Structure formats: C-alpha cells, structure tokens
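A short worksheet on the structure shown next.
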Amino acid sequence: MTGFPPEERYARQIRFAPIGAEGQARIGRAHVAIVGVGALGCVVANQLARAGVGTLTLVDRDVVDASNLQRQLLYDERDAASGTPKAVAAARRLAAANGGIAIRPHAVDLTAANADTLLGGADLVVDGTDNFGVRYLMNEWCVRTGTPWIYGAAVGASGMTMTVLPGQTPCLRCLFPEPPPGGSLDTCETAGVVAPIVDTIASIEAMEALKLLAGRTEALHGKLLQVDLWRMEWQPLGIGHARRADCPVCAERRFELLEGDTSREPVTAALCGRNTVQVSPAEPAALDLERLAGRWRALGDVELNAYLLRLRRTDGLLFSLFPDGRALISGTDDPGRARRVYTELLGE
C-alpha cells in the first residue's frame with residue numbers, strides 16, 4: 001500500500017459526478033479479469049489499474065516480442081530481449097503505477113480446465129485476446145456464471161466492441177453463431193494494426209468497465225460498436241433485439257467448450273503475426289526447468305529465468321518452455337513442425 005490516500009489519488013475521477021465517491025468505493029472493491037495482455041489488454045489494464053480497480057487478474061500465454069513494442073504500451077526493449085511473459089511484465093509496470101491494488105499475473109493459456117480458477121471471483125471479464133476460440137470459451141464461462149464481460153477486437157485501423165450482460169443482452173454466440181472460417185478474416189499478420197485503433201477500442205472497453213463497476217449500468221452504450229479510424233467512421237449497431245431463442249449458450253445453456261472432453265493430445269495454435277506456434281499438453285505438467293536446462297546445453301544456447309526456459313536451437317528455432325509444459329516455438333508457423341520439435345525435446 002502506498003502513502004497516497006484514495007481521495008487524493010483518485011480526486012479527479014471522484015469529481016466526475018457520475019462516478020463520485022460512492023462509485024469510486026465500488027471500483028476499489030471490484031475484481032476484474034483481463035484475458036490477453038497484448039495490445040488491447042495493455043491499455044485496458046493500464047487504465048483500470050490507474051482508476052483504482054481493487055484487484056486485477058492478468059491472463060496471457062505469450063512472451064514479449066520486439067513486434068509488440070509498437071503498440072503494447074506496458075512493455076519495453078528489456079522485456080522483449082529477455083522474453084519476459086507478458087502477464088509478468090505487465091504486472092510489474094502496473095504495480096509501479098499503483099501500489100495500492102492487488103495484481104495477479106498468470107502466464108498461462110485460458111482453458112476449460114483452468115477457467116474457474118483463473119476467472120472465479122471476478123466481477124467482470126475483459127477481452128484483450130486475438131483468438132476467437134478463447135472468446136467463445138470466455139462467453140460460455142461468463143454466461144454460465146452470470147458474469148458480465150466486454151468483447152473487443154482490433155485489426156488494421158478498425159475494430160469493434162460490445163458489452164455482454166448475461167440474461168439481459170445478446171451473448172457472443174447470438175451475434176456470431178459460429179467462429180469465422182480460417183483465413184476469412186484479416187489478422188494483424190495479414191493486415192497489420194496501428195496503435196490508435198487499439199487505444200480507441202480499449203479505451204471504450206475500459207470506460208464500459210468503469211460504468212459497470214461504479215454501478216452505472218444505465219450508461220452502457222448497448223451496441224455492437226464498429227470503428228474505422230482511417231476513414232473516421234463510427235457505426236453503432238443496435239443489438240437490443242438480437243438475442244436468439246435458439247442460442248446454444250445463453251438460451252439453451254449448452255456449454256460445449258467448458259464441458260467437452262478434455263482427454264486430448266497436445267494441441268497447437270499459431271500466434272497471430274508472430275511466426276510462432278504454441279504447443280500445449282493435454283494436462284498441465286510440473287517440469288523441473290533447471291534440470292532440463294542442464295540437459296539441453298548441448299543442443300544450443302540456453303537461458304533460464306524464474307518464469308521459463310529458452311533454447312536457441314542450431315536450426316534457428318527458439319523454444320520457450322513454461323513449467324506447466326506449455327511451449328512457444330518461434331521461427332515457424334507450421335504446427336506439424338512445432339509438434340515434432342516439442343516431441344523431440346520432451347517426448348509424447
């Protein structure tokens with residue numbers, strides 16, 4: 001806890017009448033989980049930490065990379081050089097900005113197996129990811145538990161966001177019944193992304209979060225808001241009547257991702273714009289990274305820190321291994337090759 005009393009630190013926010021002292025007190029008691037601390041998540045986490053949200057849970061599977069520095073404002077060149085997990089680097093920066101709040105970083109993938117542990121107790125979940133599969137999982141968890149969540153996405157110079165209040169508004173599956181086919185949408189790899197649209201969409205997400213946390217739900221925008229900053233176009237789409245009577249999630253309450261069969265082989269997922277593939281074991285492990293580091297020194301340059309083990313292989317691949325068995329293989333976007341390298345180093 002710092003020596004700055006709340007009435008001093010948050011004076012300008014308290015002076016904003018729709019929040020006031022009562023709203024600020026509610027914000028200070030709130031717990032927000034941010035899934036993905038990349039471009040959107042950095043901005044949201046920064047704004048909510050400085051606004052005094054009492055507890056922030058940060059969930060991100062990735063490490064800081066040089067290509068992140070153009071728009072992910074919580075990271076610097078040292079984080080990229082050391083490959084620090086984003087959740088850890090973000091938590092450090094936020095703690096330096098506000099020592100009076102609790103910050104819980106988790107350098108893991110959000111899955112059906114850990115969703116209750118990571119998101120449980122949150123008053124609100126905010127989307128900072130770039131992965132539709134994770135968003136559908138968040139949507140199921142939030143609908144099942146009745147937890148509000150805020151969807152956000154940005155690519156190129158355009159983005160969109162909406163706020164989901166389970167039982168009151170449409171959920172993500174109401175508006176997007178099926179995930180888009182692979183290759184059908186632009187990604188940050190194919191279309192790039194500029195920082196101003198990230199800041200805009202994330203700021204709207206953060207503003208919606210403050211309305212919710214302060215108890216001012218009547219002020220929520222209630223739209224699927226689409227923004228194109230290059231053309232300077234704002235398109236709010238009314239969704240008040242978009243709830244589907246046949247929605248498998250919020251109408252029929254079928255939570256297929258949360259309740260599906262988790263006995264599966266390790267899975268791979270390419271990370272957007274990173275020339276990197278993630279390989280996740282079917283069940284979390286508890287690896288002795290120090291012992292592995294000793295075994296791998298003959299295979300290339302080895303770096304070990306408190307969060308991960310990195311092996312720079314002679315074939316140009318960078319293998320970053322986390323204690324739970326999850327790995328990021330950089331230098332390829334071929335899932336098959338990544339899986340083979342994972343098996344070579346760790347076995348099936």
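Only the coordinates and a few stated rules stand behind these numbers; no lab work does. Bear in mind that the values here come from a model prediction, so they are computed numbers and not experimental data. Every residue, glycine among them, receives a Cβ derived from its backbone with ideal geometry; neighbour counts consider all protein chains shown.
Details
- Helix axis angle, 86-97 relative to the chain longest principal axis, alpha carbon, degrees: 50
- Between the helical axis of 195-213 and the longest alpha-carbon principal axis of the chain there is an angle of about 60 degrees.
- Neighbourhood charge, 13 Å Cβ-Cβ cut-off, centred on K211 and excluding it, Lys, Arg +1 and Asp, Glu -1: -2
- Cβ-Cβ distance of R92 and E252, R₀ of 35 Å, FRET efficiency by 1/(1 + (r/R0)^6): the value works out to about 0.20.
- Gyration tensor analysis over the Cα atoms of the range 6-258 returns equivalent ellipsoid semi-axes of 25, 23, 19 Å (largest first, whole Å).
- Principal-axis tilt of helix 20-29 within the chain, Cα atoms, nearest 10 degrees: 30
- For the chain, modelled as a GNM whose springs connect Cα atoms under 10 angstrom apart, the maximal fluctuation among P105, P284, P85 occurs at P284.
- Candidates D228, D127, D301: whichever shows maximal mean-square fluctuation once the chain is modelled as a Gaussian network with Cα springs under 10 Å: D301
- For the range 280-348, the alpha carbon convex hull comes to 82 Å³ per residue, rounded to a whole number.
- Excluding exposed DSSP-loop chymotrypsin sites (Phe, Trp or Tyr not before Pro) (at most 16 other C-beta within 10 Å), longest clean stretch of the chain: 17-229
- FRET efficiency, A242 to E303 (Cβ-Cβ, R0 45 Å, nearest 0.05): 0.35
- Order of L40, L287 - criterion: other Cβ atoms within 10 Å of each residue's Cβ, fewest first: L287, L40
- Leading residue at positive end of dipole, the chain (Cβ point charges), from A81, V155, A97: A97
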